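Notes to accompany the following structure.
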Amino acid sequence: MARLSRRRIRLLVGIGALAFGAISARAAWVGVVQHDVLAKRSTFETRQQFDVTARRGAILARDLSELAVDAPVVFVSANPKRIRDIGAKPTQIATQIAPILGLPVKTIEEKLSRQSGHEPLRRDLSPEKAKALRALRIDGINTEDVHQRVYPRVPSASQLLGFLDSEGKGVEGLEARFEERLTGTDGRVDELRDPKGRTVRILGNRASVGGKTIRTTIDADIQDITEEALAQAVLDTGAKSASAVVMRVRDGAVYSIASAPSFDPTKRAKLEQGNVRNRAVTDVFEPGSVFKIVTIAGAIDEGVVAPSTSFYVKPKVSLFGEEVGEAHARGAQTMTVSRILQVSSNVGTIDVARTPNDTAGKARFLRWADRLGFAKSSGIDIPGEDAGDIRSGDKWDGLTIANFPIGQGLRTNLTQLARAYAAVANGGLLVTPHVVDRVGGEDVPVAAPTRVMKASTAGAVNEMLQSVVSETPGATGGRAAIPGFTVAGKTGTANIYDPAIINDRTGKLGAYSTVKHYSTFVGFVPANKPRLVIAVSLDQPVKRYYGGEVAAPVFKQIAEVALNDLGLRPDRALTSAERAAAGG
C-alpha cells in the first residue's frame, strides 16, 4: 500500500514538473521570441500622440482693444473603425450627439458608417457644448481643444486685417504680412491610453508657444466712422467704390484705412475678391487737382513764384493742337498763385508749371514729385501696395507739361497723397505711413521723417489750402469746413481714361471719358496746429462727381468724429453763417 502511494506521488510530481516546464517554455516564448511583436502591438493599441495647436497672436488697436484674436473651440471627430469594432450602432450615436453638434442626424450617421479611421464632424464646437459631449463617454468620438480666429469688430478693418485660409495661414492684410510673427509653435502630447481611451500615463508633453501679439496704430472708433462714411457715400453717389486714410501728420501713424464695399471674413462663401483689396494702398488712379500742390509747392520752395505772384490766366491753353480748359468756363482774368489754387484753375497751374519755361518747369515738376514720394513705395506695412507711375522726362511729349501739373496722365495711390499733404501739414517733413508699432514686446522701428521742403513753404501752402476751404466765392472746398476748426485741403476731379472710347482727334481707341471720374479731397485739421491728415476718394460716382461735392463731405464727417475722439478743442471762432446754422 505504501509502495503504491509512493508511485502515485512520483507520478503527480512528474506531471507537475512537465506542466511547469510547459508553462515556463510558453513564458519564455512569449517573453523572448514574441516580445517585440507583442510590445509593438500593445504600443499601437494604447499609445497616442497628438499636436496641441498654438494660439495665434492677437492683433490689437492702439487702445489695446481686440481686432483679431484666437478664441478656444473644440474640434470633434469620429473613428468609424473603432465604432464598428465595439459593435456600436451609428444611428444610435448620431441621434445622441446631433443636438449637441447642431448637425442633422443623417449627416452624422453617414460619416459614422464610412470605412475610415478618422472623420471630422465639427471644427468649432463651443467649450460648453464640448463638455456635454464628453460627458456621454462615447468610444470612437474624439475631441481636441483648438482655436478659431475671430474678429470682434467685424466687418470693421477687414481689409486691413485680412483672414486665414483653411489651413490657418494668413491671407491678405496684416494676417499675411505678419504670418511668421503671429504663428506660434505647436505643442506635442505623447500618452498611453487604456482600451476605453482613458489616459494611463503621460510619456511626453511639449507645451505650445503662442504667437506674438501685434499692436497697431488703428483707432477703433475712427476706423468705424471711416467705414460707415464710405459705405454711405457709395450708397448716396452710386460710386463703384470709395476709400479713405486718416493719418497722424507728425509721424505717419495710420488711425484708419478702409474701402467700401468691404467684406465679412466670417462669411467666406459670399466673398468677392475685389472687396478684399485695401484700395487706399493697392489701387492707383489719376488724382486730378489734388496733385496741384506738387506743382505749386515746388515753384514756391525754389523761389520761382510766391503766393502773391500774379498771372494773366486765359480761359484755355493750347499746345500742339490740344486745348486744356477749366472745369467751369470763365473769362480771362488776373490771378495770384494763391487764388489759382483756391479756385483750382487748371490753366493757372499750367502757367505756374511753365515758369520760367517748359524745360525748367519739366525738371522741377519731376524733382518735386519724387521728393514728395510719388511713383515709389510709401513704405506702409500693408501688403500689395501699387506705387503708381510718372513717365520719365525722356518719354514726355509736348502735352505732358500741361497734363502732369494738374494731375492727369500720371497715377498714384491715396496713401501717397495723404503722405504728401502730411508734409505740408507738419512743416515740410516726409513721414513713413505705418499701421503696426509693436510686435510682441518690441517696438517696430519706423524711418525718421525727412525734410523735403522749407518750413516757410509748408506754411505758405497751408494758408493757401485753408483758403480753399472757405466761404470765399469760387473756393472749391467749402463743404469740408468744420464749425470751430480751421481746415486746409484741396479738391480733385479727374476724368478717367477709357481705352474703349474713340479719340476724336486721332480716330483711334483710347480717350478720356466725359462721364467717368475719380473724385478726391485731401486735407488736414486743425489747420493752425495740424494733427490729422484725411484723404478721401470715390471711384466713378454717378449722381454728382466733383470732389468738392462728394469727397469733401465725407472728409468732414470723418474729421468731426476724429477730432472729438482725440479730445481736440475748436481753434477758431464760429462764422456768422455757422452761428446761424447752430441756432445761435
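The values are calculated or read from the model by the stated rules, or taken from the named source; none is laboratory data. On a predicted model such as this, the values are computed, not experimentally measured, just so you know. Neighbour counts run over all protein chains shown; Cβ positions are idealised from the backbone, glycine included. Protein only, heavy atoms only, side chains kept; ligands, DNA and RNA dropped before computing areas. Shrake-Rupley method; radii C 1.70, N 1.55, O 1.52, S 1.80 Å.
Taking the stated definitions as given, is VAL284 over 38 Å from the mean Cα position of the chain (by Cα) and β-branched (Val, Ile, Thr)? Spell out how you get there, then give the answer.
Details: over 38 Å from the mean Cα position of the chain (by Cα): no; β-branched (Val, Ile, Thr): yes.
Judged against the criteria, VAL284 is not a match.
Looking only at residues in the stretch 67-99 that are of a type in the set (A, V, I, L, M) and in a helix (DSSP H, G or I), which one is surrounded by the fewest Cβ atoms within 10 Å (Cβ to Cβ)? Working first, answer last.
If we filter the stretch 67-99 for residues that are of a type in the set (A, V, I, L, M), which is where we start, we get 67-69, 71, 73-74, 76, 78, 83, 86, 88, 93-94, 97-98.
This time we only want the ones that are in a helix (DSSP H, G or I), so: 83, 93-94, 97-98.
Numbers: ILE83: 20, ILE93: 21, ALA94: 23, ILE97: 22, ALA98: 17.
The selected residue is ALA98.
If a residue must be modelled with pLDDT of 90 or more and hydroxyl-bearing (Ser, Thr, Tyr), how many such residues does the stretch 541-584 contain?
2
Among the numbered criteria (1) within 30 Å of LYS212 (Cα to Cα); (2) assigned to a helix (DSSP H, G or I), which one does LEU64 miss?
Here LEU64 meets the rest and fails (2).
When residues of the stretch 328-365 are filtered for being outside any helix (DSSP H, G or I), surrounded by fewer than 16 Cβ atoms within 10 Å (Cβ to Cβ) and either β-branched (Val, Ile, Thr) or touching a residue at least 40 places away in the same chain (Cβ under 8 Å) (or both), how many remain?
So in the stretch 328-365, the residues outside any helix (DSSP H, G or I) come out as 328-336, 343-345, 354-357.
If we keep only those that are surrounded by fewer than 16 Cβ atoms within 10 Å (Cβ to Cβ) as well, we get 328-334, 356-357.
Among the residues that remain, those that are also either β-branched (Val, Ile, Thr) or touching a residue at least 40 places away in the same chain (Cβ under 8 Å) (or both) are: 334, 356.
Counting residues in the stretch 328-365 that are outside any helix (DSSP H, G or I), surrounded by fewer than 16 Cβ atoms within 10 Å (Cβ to Cβ) and either β-branched (Val, Ile, Thr) or touching a residue at least 40 places away in the same chain (Cβ under 8 Å) (or both) gives 2.
I'm trying to understand the selection: among the residues of the stretch 388-443, which are surrounded by fewer than 16 Cβ atoms within 10 Å (Cβ to Cβ), of a type in the set (Gly, Ala, Ser) and under 22 Å from the mean Cα position of the chain (by Cα)?
Result: GLY440, single match.
Kindly establish whether THR472 is within 26 Å of VAL304 (Cα to Cα), hydroxyl-bearing (Ser, Thr, Tyr) and modelled with pLDDT under 95.
On the way: within 26 Å of VAL304 (Cα to Cα): no; hydroxyl-bearing (Ser, Thr, Tyr): yes; modelled with pLDDT under 95: yes.
For THR472, the condition - within 26 Å of VAL304 (Cα to Cα), hydroxyl-bearing (Ser, Thr, Tyr) and modelled with pLDDT under 95 - is not met.
If VAL284 satisfies every condition in (1) in contact with a Gly (Cβ under 7 Å, 6 or more places away or on another chain); (2) closer than 20 Å to GLY361 by Cα but one, which is the exception?
Condition (2) is where VAL284 drops out.
Let me spell it out: the conditions are (1) open to solvent by less than 60 Å² (accessible area, probe 1.4 Å); (2) within 31 Å of the chain's Cα centre (by Cα); (3) charged (D, E, K, R), and GLU578 meets all of them except one. Which number is the exception?
Failing condition for GLU578: (2).
Of everything in the stretch 153-189, what is more than 16 Å from ASP70 (Cα to Cα), in contact with a Leu (Cβ under 7 Å, 6 or more places away or on another chain) and assigned to a loop (DSSP other than H, G, I, E, B)? Give them in sequence order.
Matches in the stretch 153-189: ALA157 only.
Regarding the stretch 126-141, can at least one residue be identified that is in contact (Cβ under 8 Å) with a residue 60 or more places away in the chain and on the phi < 0 side of the Ramachandran plot?
Yes, that holds for at least one residue.
What is the one condition in (1) out of contact with any strand residue (DSSP E or B) (no Cβ under 9 Å at 6 or more places or on another chain); (2) of a type in the set (D, E, K, R); (3) touching a residue at least 60 places away in the same chain (Cβ under 8 Å) that LYS529 does not satisfy?
(3)
State all residues of the stretch 155-164 that are more than 14 Å from THR226 (Cβ to Cβ) and in contact with a Lys or Arg (Cβ under 9 Å, 6 or more places away or on another chain); if no residue qualifies, say none. So that I can check it myself, show each step before the final result.
Pass one, the stretch 155-164, residues more than 14 Å from THR226 (Cβ to Cβ): 161-164.
Within the stretch 155-164, GLY162, PHE163, LEU164 qualify.
Looking at (1) more than 24 Å from ILE296 (Cβ to Cβ); (2) assigned to a strand (DSSP E or B); (3) touching a His at 6+ places or on another chain (Cβ under 8 Å), which one does ASN495 not meet, given that it meets all the others?
(1)
Step by step: first the residues of the stretch 267-283, then only those that are open to solvent by less than 30 Å² (accessible area, probe 1.4 Å) and assigned to a loop (DSSP other than H, G, I, E, B), then the one that is farthest from THR491 (Cα to Cα). Which residue is that?
Going through the qualifying residues, I end up with ASN278.
Which count do you get for residues in the stretch 136-153 that are open to solvent by 80 Å² or more (accessible area, probe 1.4 Å) and of a type outside the set (Asp, Glu)? Don't jump to the end; show me each part of the working.
Of all residues in the stretch 136-153, those open to solvent by 80 Å² or more (accessible area, probe 1.4 Å) come to 137, 145.
Then keep just the ones that are of a type outside the set (Asp, Glu); that gives 137.
Summing the residues that are open to solvent by 80 Å² or more (accessible area, probe 1.4 Å) and of a type outside the set (Asp, Glu) in the stretch 136-153 gives 1.
I'd like to verify a number: residues in the stretch 100-123 that are outside any loop (DSSP other than H, G, I, E, B), in contact with a strand residue (DSSP E or B) (Cβ under 7 Å, 6 or more places away or on another chain) and open to solvent by less than 60 Å² (accessible area, probe 1.4 Å), how many?
Here is the first cut: in the stretch 100-123, the ones outside any loop (DSSP other than H, G, I, E, B) are 100-101, 105-112, 119-123.
After this cut, where a residue has to be in contact with a strand residue (DSSP E or B) (Cβ under 7 Å, 6 or more places away or on another chain) as well, the list is 101, 108, 111-112, 119-123.
If we keep only those that are open to solvent by less than 60 Å² (accessible area, probe 1.4 Å) as well, we get 101, 108, 111-112, 119-121.
The total comes to 7.
Please count how many residues of the stretch 443-469 are hydrophobic (A, V, I, L, M, F, W, C), in a loop (DSSP other than H, G, I, E, B) and under 15 Å from ALA306 (Cβ atoms).
Let us first name the residues in the stretch 443-469 that are hydrophobic (A, V, I, L, M, F, W, C), namely 444, 446-448, 452-453, 455, 458, 460-461, 464-465, 468-469.
Subsequent filtering for residues that are in a loop (DSSP other than H, G, I, E, B) retains 444, 446-448, 452-453, 469.
Checking the rest, the ones that are also under 15 Å from ALA306 (Cβ atoms) come to 453.
Count: 1.
Would you check if there is a residue in the stretch 456-478 being open to solvent by 70 Å² or more (accessible area, probe 1.4 Å), over 18 Å from LEU430 (Cβ atoms) and under 31 Å from the mean Cα position of the chain (by Cα)?
Keep residues of the stretch 456-478 that are open to solvent by 70 Å² or more (accessible area, probe 1.4 Å), which gives 456, 463, 471, 473.
Cutting the leftovers down to over 18 Å from LEU430 (Cβ atoms) gives us 463, 471, 473.
Filter again for under 31 Å from the mean Cα position of the chain (by Cα), leaving none.
The answer is no; no qualifying residue exists.
I'd like the full set of residues that are open to solvent by 70 Å² or more (accessible area, probe 1.4 Å) and either over 25 Å from ARG56 (Cβ atoms) or of a type outside the set (Asp, Glu) (or both), limited to the stretch 124-135. If you could, list the steps in order and put the result at the bottom.
The first filter runs over the stretch 124-135 and keeps only residues open to solvent by 70 Å² or more (accessible area, probe 1.4 Å), leaving 128-129, 131, 134-135.
Result: LYS129, LYS131, ARG134, ALA135.
Residue-wise test of (1) modelled with pLDDT of 95 or more; (2) open to solvent by 70 Å² or more (accessible area, probe 1.4 Å); (3) more than 19 Å from VAL324 (Cβ to Cβ); (4) polar (S, T, N, Q).
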{"residue": "VAL487", "(1), (2), (3), (4)": "yes, no, yes, no"}
{"residue": "ILE501", "(1), (2), (3), (4)": "no, no, no, no"}
{"residue": "ARG505", "(1), (2), (3), (4)": "no, yes, no, no"}
{"residue": "PRO526", "(1), (2), (3), (4)": "yes, no, yes, no"}
